[in-house]
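Read the structure below first, then the notes.
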Amino acid sequence: MLVLLILSFWNRLQGAVETSNVFFFYGLIAFFLGLASVIYMIKQWSFGKQIIAHYLVMLVTIFPTLLLSGFYPLNSFDDLLKVYIQFNKVGLILFLLTYFISKSRQKYNNGRVVS
C-alpha cells in the first residue's frame, strides 16, 4: 500500500495527475482490504458472521472508493447498478477462490505428518 501511495505522490510531482489518481485509489483499496482482513482473526465469531461483517465493511469502504475513483462512468442509476453488480461478482469470485485455496491448504497440512 505504501508503495502505491509513494508512486501516486511521485506521479503527481511529475504532472501525471491521472496516473497519480490511479495509484492513490489502488493504495486506498489495498489499505481497506488490509484493515478488513482482521475480521477473520476474530475466533469468537462464526465463519458466517465473519463473511457478513467483511461484506459490509467492503460495501462501506471499497464500493464508495470505486465510485469516487472515476474508474467507472456514473451518468445514471443504471451505471451505479452496473458497478454494484460487478463489485459483487468480483467479491464472490475472490471469496470462492480464497475459500477453496484455504480448504485445499488445510487438507494438505492435515495430511502431512509434522514432527
Looking only at segment 71-81, decide whether some residue is in contact with a helix residue (DSSP H, G or I) (Cβ under 9 Å, 6 or more places away or on another chain) and closer than 22 Å to Leu2 by Cα.
yes
Taking the criterion of being more than 29 Å from Leu7 (Cβ to Cβ) and under 12 Å from the mean Cα position of the chain (by Cα), would at least one residue in segment 91-102 satisfy it?
yes
What is the residue count in segment 1-32 for residues that are surrounded by 13 or more Cβ atoms within 10 Å (Cβ to Cβ) and not in a helix (DSSP H, G or I)?
2
Please enumerate the residues belonging to segment 45-73 that are more than 20 Å from Thr19 (Cα to Cα) and either aromatic (Phe, Trp, Tyr) or loosely packed, with under 14 Cβ neighbours inside 10 Å (or both).
Trp45, Ser46, Phe47, Gly48, Lys49, Ile52, Tyr55, Leu56, Val60, Phe63
If Leu74 satisfies all but one of (1) of a type in the set (A, V, I, L, M); (2) in contact with a Leu (Cβ under 7 Å, 6 or more places away or on another chain); (3) in a helix (DSSP H, G or I), what's the number of the condition it fails?
(3)
Residue list for segment 66-90, filter: of a type outside the set (A, V, I, L, M, F, W, C), modelled with pLDDT of 95 or more and within 16 Å of the chain's Cα centre (by Cα)
Tyr84, Gln86, Asn88, Lys89
For Leu35, the lone unmet condition from (1) hydrophobic (A, V, I, L, M, F, W, C); (2) in a helix (DSSP H, G or I); (3) over 16 Å from the mean Cα position of the chain (by Cα) is (3)
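Here's the yes/no breakdown for (1) within 26 Å of Tyr99 (Cβ to Cβ); (2) small (Gly, Ala, Ser); (3) in contact with a Gly (Cβ under 8 Å, 6 or more places away or on another chain):
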{"residue": "Gly15", "(1), (2), (3)": "no, yes, no"}
{"residue": "Glu18", "(1), (2), (3)": "no, no, no"}
{"residue": "Lys43", "(1), (2), (3)": "yes, no, no"}
{"residue": "Phe47", "(1), (2), (3)": "yes, no, no"}
{"residue": "Leu56", "(1), (2), (3)": "yes, no, no"}
{"residue": "Thr61", "(1), (2), (3)": "yes, no, no"}
{"residue": "Pro73", "(1), (2), (3)": "no, no, no"}
{"residue": "Asp78", "(1), (2), (3)": "no, no, no"}
{"residue": "Ile85", "(1), (2), (3)": "yes, no, no"}
With Ala16, Ala36, Ala30 as the choices, which residue is more than 19 Å from Lys89 (Cβ to Cβ) and in contact (Cβ under 8 Å) with a residue 24 or more places away in the chain?
Ala30
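The values are calculated or read from the model by the stated rules, or taken from the named source; none is laboratory data. Predicted model, so just to flag it, every value in this text is computed and none were measured. Don't worry about glycine lacking a Cβ; one is built from the backbone with ideal geometry, like all the others, and counts go over all protein chains shown.
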